[in-house]
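Participant: One structure coming up, written as structure tokens, with questions to follow.
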Amino acid sequence: MTKILVIEDDPILGEMLTLYLAEEQFDVIRVESAGQGFRALVEFKPEVIILDLMLPDADGPALCTVFREKTTVPIIVTSMKNTVADRIQAISLGADDYLTKPYSVQELKVRIQAVLRRISVSQADSETSVPPSLDRIALNTERRTIVLEGNIIETTFSEYEMMKLFTQYPGRVFSREELLNSVRGIDSFVNERAIDVHITNLRRKIEKNPKEPQHIKTVWGIGYKFLK
């Protein structure tokens, strides 16, 4: 039974989410503050986090960064803010998906299934194939991290999935839409501009000079490709 941690201080919404997810055969607990959420990470060990960005003890997109520093599990953010800029900011700070309030619990279930499906595929790949290895860059499939010249580089869920795709098909040009669908699933909507944010973050992590990238190249008018 998949463990879902709901961090939501609204009692009505929180209770509704808890009941619905439990009925859908998830093992779910709800907490009402960031502090309680951090403790639940250790005690409950969730597989997906539903994170409200306005909590009594902390609020704002920076919450994504704090939670991402403490865990690599997928984070689905919920917020009243609905602009593309808000979505991109949350994703750039560590979120893997973004839902604008009010949202349907059925849509939330679909988003959860999408990130879980990606994890399942990734685990199957790691069990049946040798992790791709490059001169400077390799992937640690067990820890879901990048190994850069022997050093472990932590990634978000989406960054790792994108890097895995790149290393499986070096030299292939991917459009933003292809990257979005491959990394996040066609049933999970985030503006394609989010791909540019992921690329920027990956370049900061793996390139010697992110402004003059040698590995993740822009193909103008199309998308991106990865070179060894």
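Each reported figure results from applying straightforward, stated rules to the coordinates on display, with no laboratory input. Predicted model only: the values in this text are computed from it and were never measured. When we count neighbours, we look across all protein chains shown, and the Cβ atoms used for this are built from the backbone with ideal geometry, even at glycine.
Participant: Using Cα atoms only, what is the angle between the long axis of helix 105-128 and the major principal axis of the chain, expressed in degrees (0 to 90) to the nearest 10?
Facilitator: 40 degrees
Participant: From the Cα gyration tensor of the stretch 3-112, with a ≥ b ≥ c the square roots of its eigenvalues, which class applies: rounded if a/c is under 1.5, or else prolate if a/b is larger than b/c, or else oblate?
Facilitator: Because its axes are fairly even, with a/c under 1.5, the stretch 3-112 counts as rounded.
Participant: Determine one quarter of the surface area of the Cα convex hull of the chain, which equals its mean projected area, and express it in nm² to one decimal.
Facilitator: 12.3 nm²
Participant: Another one. Could you grab the relative contact order for the chain? Cα pairs under 8 Å, six or more apart, rounded to a whole percent.
Facilitator: 15 percent
Participant: Normalised radius of gyration for the stretch 2-56, please: alpha carbon Rg relative to 2.2 N^0.38 Å, two decimal places.
Facilitator: Here the answer is 1.01, to two decimals.
Participant: Continuing with this model, one more query. Kindly give the semi-axes, whole Å and largest first, of the ellipsoid equivalent to the stretch 136-179, taking each as the square root of 5 times a Cα gyration tensor eigenvalue.
Facilitator: 20, 12, 7
Participant: What full-extension length gain, to one decimal in nm, is calculated for LYS205 and ALA58 as 0.36 nm per residue of separation minus the Cα-Cα distance?
Facilitator: In short, 50.2 nm is gained.
Participant: Rounded to the nearest 500, what is the chain's calculated 222 nm mean residue ellipticity when only DSSP H runs of at least 4 contribute -39500 (n - 2.57) each, over all residues?
Facilitator: -14000 deg cm²/dmol
Participant: Sticking with this one: Can you check what the net charge comes to around GLY171, using other residues whose Cβ is under 12 Å from the Cβ of GLY171 (Lys, Arg +1; Asp, Glu -1)?
Facilitator: +4
Participant: Could I have the simple spin-label model distance between ASN140 and ARG117, label points 7 Å from Cα toward Cβ, reported in nm to one decimal?
Facilitator: 3.0 nm
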